[in-house]
Amino acid sequence: TSRGNQHFLRHLLPPPPTFSSFIMQTVISRSRNALLRSPSHIGSVRCMSVPSFWANVPEAPKDPILGITDAFKADTDPSKMNLGVGAFRDDNGKPVVLGCVREAEKRIMGVNEMEYLPIGGFAEFCQHSIKLAYGEDAPCIAEGRVASVQSLSGTGSCRLMGDFMHRFRPEAKIYIPTPTWSNHHNIFADAHVEEVKFRYYKPETRGLDFEGMMEDIKEAPKGSFFLLHACAHNPTGVDPTAEQWAEISTVMKEKGHFPFFDMAYQGFASGDCVKDAQAISIFLKDGHELGCSQSYAKNMGLYGQRTGVFSIVTNDKNHTSPVASQMRLIARPMYSNPPLHGALIVATVLGNPELKAQWYKEVKGMADRIINMRTQLRSCLEASGSTLKWNHVTDQIGMFCFSGMTGEMVDRLAKEHHIYMTRNGRISMAGVTSGTVERLANAIHDVTK
């Protein structure tokens, strides 16, 4: 630049600071920076911030089962009983890990990599599972008419079914028995599938409302979807007989309905895996297309492993691959791929003749303990002086006994006897032991007399 321009710029710039003013500015600047970094200043800035994105999120209602557990834990009485949670316990009230499961763990330990499973899960596990559900020599398997994916236990299977329905039969509604497992309502609602209730349980008899159920099946629009409990109905423990299942199958076939079986207790109900799957066998024999949710939480004690299978039986093997591909497409954004450990355990147990035989024996042992507790509870109730009928305690089957007690009676059990269960009167028989059954019977008599 020219000297004239330099002279002009000097007039635009402030005069150079003196040494004393330089010191003062430095002190002020450092003090200001320290203030900005101080917690009190940060707090004031936060107070002036915009409202949280989540300020209007309400507290969710407590899960009824978890709420029971919280109340049980808060109770300091040493004789307290938790009969709400559906998890098997031995006769000392302790959790059980099956011997066949421990042996399977030993065999897979340090052998497998920790890589991702495919979206559809562990193929060997799925194959063993559908054979367990449909039969070793089932024509639908031999003919390649079963599409399956590994799922996050029974809950995950049901959710996959709900999303599958919503995507490919968006106009369809799901018919759900009254009552049913409470989470069924949440699962299908979140999958945007409308629910319709059908009659199932008859409070007057503590048994099956077969006539009402058949009427509702007949009156449902053709091609409706029905959720059915394959065995050990939760929460009632009331199952149709083989003859009744045959009638149900015939009517549903005539109406063109699609049955979806939730099978959470195969082997755990009667102690016989084949018998507990008889409803599905009857429907397959009648030529139904159907869906099935399997879980290994109860019958193999893999509660925390979240191990299950979702499958659909088609009437044409050419439909199997497209159906399976869409199952995987739904699973991909939901959880990407399923966990490995539980699937390895089940495949090891079911794939080894010795371990499979051991499992059959152990699952029967669990079922027999539940059946024995039912017998003892009924005997103690009848000996307590109660004038009520208690035959439904032994007529029902599976983990739960639908006692017939009201919510007020259940509240009294908790308050006066330190016994906890769901307010619909459902007793988890797995929580009853030979050492507590008499006290339970006497408490039930006290609140029902």
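The values are calculated or read from the model by the stated rules, or taken from the named source; none is laboratory data. All values derive from a computational prediction rather than experimental measurement. Note: ideal-geometry Cβ built from the backbone for every residue, glycine included; neighbour counts use all protein chains shown. Please note that ligands, DNA and RNA were not included when accessible areas were found on the heavy atoms of the full protein model with its side chains. Shrake-Rupley method; radii C 1.70, N 1.55, O 1.52, S 1.80 Å.
A few notes on this one:
- Among Val346, Ala60, Pro203 the positive-end extreme of the charge dipole of the chain (Cβ point charges): Ala60
- Over 18 Å [Cα-Cα, the range 65-183], rounded percent: 74 percent
- For Phe261, the residues 5 or more places off, or on other chains, whose built amide H falls under 5 Å of its own are Leu228, Gly291, Cys292, Ser293.
- For volume of the Cα convex hull per residue in Å³, the candidate list reads [x] 159; [y] 280; [z] 333; the entry that matches the value derived from this model is [y].
- For the range 67-81, Karplus couplings with θ = phi - 60° (6.51, -1.76, 1.60), whole Hz, Gly/Pro x: x, 5, 4, 4, 5, 5, 5, 6, 6, 9, 5, x, 9, 4, 10
- Solvent-accessible ranking of Leu284, Leu388, largest area first, probe 1.4 Å: Leu388, Leu284
- Paired Rg and Dmax values of the range 261-392, which use every Cα atom, in angstrom: 19.1, 63
- Under 13 Å from a label point set 7 Å out along the Cα-to-Cβ vector of Glu105, the amide N atoms of the range 344-373 belong to 345-346.
- Farthest positive-ward along the range 266-342 dipole, Cα basis, beta-carbon charges - from Gly308, Ser321, Met334: Met334
- The residues of the chain expose, per residue, 52 Å² of accessible area to a 1.4 Å probe.
- For the set Arg423, Arg374, Arg107, Arg369, solvent exposure ranked by accessible area (probe 1.4 Å, protein chains only) runs largest to smallest as Arg423, Arg107, Arg369, Arg374.
- With θ taken as phi - 60° and the Karplus curve 6.51 cos²θ - 1.76 cosθ + 1.60 applied, the whole-hertz 3J(HN,Hα) list for the range 92-103 is 9, x, 9, x, 10, 10, 5, x, 5, 5, 4, 5 Hz, x standing for glycine and proline.
- Cα-Cα pairs of the range 288-351 separated by more than 13 Å (percent): 70 percent
- Note on Asp75 and Asp137: with the Förster distance fixed at 35 Å, the Cβ-Cβ geometry gives a FRET efficiency of about 0.10.
- Solvent-accessible area, 1.4 Å probe, carbon plus sulfur percent, for the range 240-304: 51 percent
- Amide H contacts of Val196 (H built 1.01 Å from N, under 5 Å, at least 5 apart or other chain): Ile174, Tyr175, Ile176
- For the range 105-125 versus the range 428-445, the gap between their alpha-carbon centres in whole angstrom: 41 Å
- Within straight-line cross-link reach of Lys80, lysines at Cα separation under 30 Å, skipping those fewer than 8 residues along the same chain: Lys62, Lys94, Lys298, Lys364, Lys389, Lys415, Lys449
- Computed helical MRE - 222 nm, the chain, DSSP H runs ≥ 4 contributing -39500 (n - 2.57), nearest 500: -15500 deg cm²/dmol
- Glu243 accessible area, assembled protein chains, probe 1.4 Å, Å²: 130 Å²
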